[in-house]
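Report on the following structure.
None of the figures in this text is laboratory data; all of them are computed from the coordinates on show. What you see is a predicted model, and the numbers here were worked out from it, not measured in a lab. Cβ: placed from backbone, ideal geometry, glycine included. Neighbour counts: every protein chain shown.
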Amino acid sequence: MSDIRVLSGPEVAEHANRESCWIIVHGKVYDVTEFLPEHPGGQAIILKYAGKDATEAYEPIHPPDAITTNLPPDKHLGVIDASTVAKVVKEVTAEEKQRQKYMEARPSLDTIINLHDFETVARKVISEKAWAYYSSASDDEITLRENRMAYQRVWFRPRILRDVTSVDWSTTILGQKSSLPVYISATALGKLGHPEGELCLTRAAQNHGVIQMIATLASCSFDEMVDAAKPDQPLFLQLYVNKDREITKKYVQHAEARGVKALFITVDAPQLGRREKDMRMKFVGEEGVAKVQDGQSDIKKDEGVARAISSFIDPSLSWKDIPWFRSITKMPIILKGIATAEDAILAYESGVQGIVLSNHGGRQLDTARSGLEVLVEVIPALRARGYFPNPNFEIFVDGGVRRASDVLKAIALGATAVGVGRPFLYAFCSYGQDGVEKAIQIFRDEFEMNMRLLGARTIDELVPEMVDASALSSHVVLTPQDTLFHNTYVPLAGATFQES
Ligand code: PPY
């Protein structure tokens, strides 16, 4: 006889308040009463599902093991007898119906010819909430757009007659072989946009020799992704540093034990940027309305998905912590989110193995410069101190990369490789793993053509003389409009009036 307790729906339903709060997730019943005040997303959202099945709301936002690892075993009450739970017939909203229609009618994958296309498709086939969270950037989204524009202010100086019969764009990133000078950068909450979430990235990366940076806030659990990878498939880890350093230490050391090859510490998010698209979505959405009406004081009504779950991130993180990180892991450490030459120098002197020149996809400090512009400031500053070139200190750039030509510009200017986030995310939201594989294929085709036309047969042949970056820091120069980008960029919306 099994000693697993089987609970009925009505039994669970009796515990539907602050004093006693039980929820069902993935067929199991949990007592979360004492956990309520600690929930990073606030109490109200759990209370909404008190006494009920919360799986659907839980899934996109949490890795499957979040609840089991956070709750002590005595709060795992048992399994639910599914036959006793009243089936909630979920009303399919008009938005959801439309979304499903778009999904069925989406363009076939062979008609997708560039990375912008994935964005066009994703915008229609994912929920408004997912689109708001993924596409949003901070404040006026100036930096978001600048990330694209910066690449357009750099022009090529191609070399000719070099026998470009064979060209090779493979490279080595932090000692790991990569078929592209591009890695899949961390993006969070993948299941908001696709039921398989970030596993689509892991599997596609495996098939094409590309490196995935696993996000701390992925919807899939860290172990699920590592389990899905081949034993020799290199993976990197992006880290949000927890206020509780023991949690961070455990997480980092677990990652190292599971073979992760590099640790990218996010240093540009002591507080999350205000992403207004995301905030408005929450504000007008059902949860926002409930909160306003309940007058609950423990949740700020203007928080979007991201801010609501970011409270664990430690704003006190400082340069003083770097030696501690170096003491807890032997993985190379890379600081992700450097935005000036001054900090690039401090990073080098702190003994880390690399930096990512990044503005977090325009999602943090608005009107921060593009990573590409920062690159042309950083390289001479490091060089002047004898810190560049140095094979033990690699420089990466991310933000706004949509073309292999963008990547070639960054490499010519001194980057080892670039990070690409949203395009891979939109690729899997639209087409699952196949979409990501197609995105990689598009990069390959573009690398082949652009390297031939530029006269660079290998990554090593990409030199600063191949680009004219003289206009990069001049923000007033006119650049032709990037039609595809302007077609998919959605201007911010203003406040909406309440319906009477
Ligand atoms: C981002 O949204 O930019 C992130 O980096 C991920 C995230 C998601 C939720 C809370 C904090 C950060």
What are the aspartates and glutamates whose alpha-carbon lies under 20 Å from the alpha-carbon of LYS250, with same-chain residues fewer than 8 places away excluded? GLU38, ASP65, ASP223, GLU224, ASP227, ASP314, ASP321
Cα-Cα over 30 Å: which of LYS28/LYS129; LYS177/LYS243; LYS101/LYS438? LYS177/LYS243
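What value does the chain have for Rg/Rh, both radii from Cα atoms and Rh as Kirkwood defines it?
Values: Rg = 23.6 Å, Rh = 24.0 Å.
Here the Rg-to-Rh quotient is 0.98.
To the nearest 500 deg cm²/dmol, what mean residue ellipticity at 222 nm is calculated for the chain from DSSP H runs of n ≥ 4 alone, each contributing -39,500 (n - 2.57), summed and divided by the residues?
Values: 20 runs with 191 residues, N = 500.
One gets -11000 deg cm²/dmol as the mean residue ellipticity at 222 nm.
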Here is the link list: LYS48/LYS87; LYS52/LYS75; LYS277/LYS409; LYS90/LYS277; LYS48/LYS277. Which ones come out longer than 20 Å on Cα distance? LYS277/LYS409; LYS90/LYS277; LYS48/LYS277
Given the range 346-420, what whole percent of its Cα pairs are spread farther than 13 Å? 65 percent
Aspartates and glutamates with Cα under 18 Å of LYS320, excluding same-chain neighbours fewer than 8 positions away: ASP244, GLU246, ASP268, GLU342, ASP343, GLU349
When we measure straight from the Cα of LYS124, which aspartates and glutamates land under 19 angstrom away, once same-chain ones fewer than 8 places off are left out? GLU95, GLU96, GLU104, ASP110, GLU196, ASP278, ASP434
Please determine, in degrees from 0 to 90 and to the nearest 10, the orientation of helix 245-257 with respect to the longest principal axis defined by the Cα atoms of the chain, where the helix direction is its Cα long axis. 60 degrees
Classify the range 39-82: rounded, prolate or oblate, from the alpha-carbon gyration tensor (a ≥ b ≥ c, eigenvalue square roots; a/c under 1.5 rounded; otherwise prolate if a/b is larger than b/c)? rounded
Just to confirm the number: angle between the C-alpha axis of helix 199-208 and the first principal axis of the chain, 0 to 90 degrees, nearest 10? 30 degrees
How would GLU276, GLU96, GLU461 line up from fewest to most surrounding beta-carbon atoms within 10 angstrom? GLU96, GLU461, GLU276
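Tell me, PHE236, PHE388 in order of fewest to most beta-carbon neighbours within 10 Å?
On the way: PHE236 26, PHE388 17.
Taking fewest neighbouring Cβ atoms as first place, the list is PHE388, PHE236.
Determine the dipole magnitude for the range 1-160: charges of +1 sit on the beta-carbon of Lys and Arg, -1 on that of Asp and Glu, nothing else is charged, the reference point is the Cα centre, and the result goes in debye to the nearest 20. List each step's numbers first, then the result.
Working: 20 positive and 25 negative charges, 190 e Å.
Computed about the Cα centre, the dipole is about 920 debye.
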Rounded tilt (10° steps) of 94-104 against the dominant C-alpha axis of the chain: 50 degrees
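For a footprinting-style exposure proxy, rank LYS330, LYS129, LYS409 by other Cβ within 10 Å, fewest first. Display every interim value, and only then the final one.
Details: LYS330 9, LYS129 19, LYS409 30.
Neighbour counts put them in this order, fewest first: LYS330, LYS129, LYS409.
From the Cα gyration tensor of the range 147-212, with a ≥ b ≥ c the square roots of its eigenvalues, which class applies: rounded if a/c is under 1.5, or else prolate if a/b is larger than b/c, or else oblate?
Values: a/c = 2.89, a/b = 1.62, b/c = 1.79.
Verdict is oblate for the range 147-212.
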Built amide H within the under 5 Å cut-off of LEU7, gap 5+: VAL79, ILE80, ASP81
